[in-house]
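Presented below is the structure to which this report refers.
What follows is calculated from the coordinates using simple rules that are stated; it is not laboratory data. Please read all numbers here as calculations on a predicted model, not as lab measurements. Backbone-built Cβ (ideal geometry, glycine too); neighbour counts: all protein chains shown.
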Amino acid sequence: MSGEITMPSCSSCNRIISPSEEGVTKFSCPNCGEVLIIRCAKCRYFGNEYECPKCGFTGP
Ligand SMILES: [Zn+2]
Ligand SMILES: [Zn+2]
């Protein structure tokens, strides 16, 4: 067996995001641009902060 799927998780709450979940946003870190930040709809709604695992940038 090959092709292990890495499940994306929210960069704010670390919850696993299912592929069918709506309202999820993905974008590159605005500071280093090397890390893909993923935020679930809930964290967007509440404005939870995220932290870039690479450069430590935090943002809303
Ligand atoms: Zn979240
Ligand atoms: Zn970064």
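Scalar couplings 3J(HN,Hα) for the stretch 49-60, obtained by applying the Karplus form with A = 6.51, B = -1.76, C = 1.60 to θ = phi - 60°, are 6, 10, 10, 6, x, 8, 10, x, 5, 10, x, x Hz; x denotes Gly and Pro. About its Cα centre, the dipole of the stretch 9-50 is roughly 100 debye, where the only charges are +1 on Lys and Arg Cβ and -1 on Asp and Glu Cβ.
The modelled label-to-label distance between K42 and K54, using points 7 Å beyond Cα along the C-beta direction, is 2.7 nm. Listing I38, I5 from fewest to most neighbouring C-beta atoms within 10 Å gives I5, I38. In units of the compact-protein estimate 2.2 N^0.38 Å, the chain shows a Cα radius of gyration of 1.15.
With neighbours defined as other Cβ atoms within 10 Å of a residue's Cβ, the residues Y45, Y50 order from fewest to most as Y45, Y50.
Amide H contacts under 5 Å for F57: C52, restricted to partners 5 or more places along the chain or on a different chain, H placed in the peptide plane at 1.01 Å from N.
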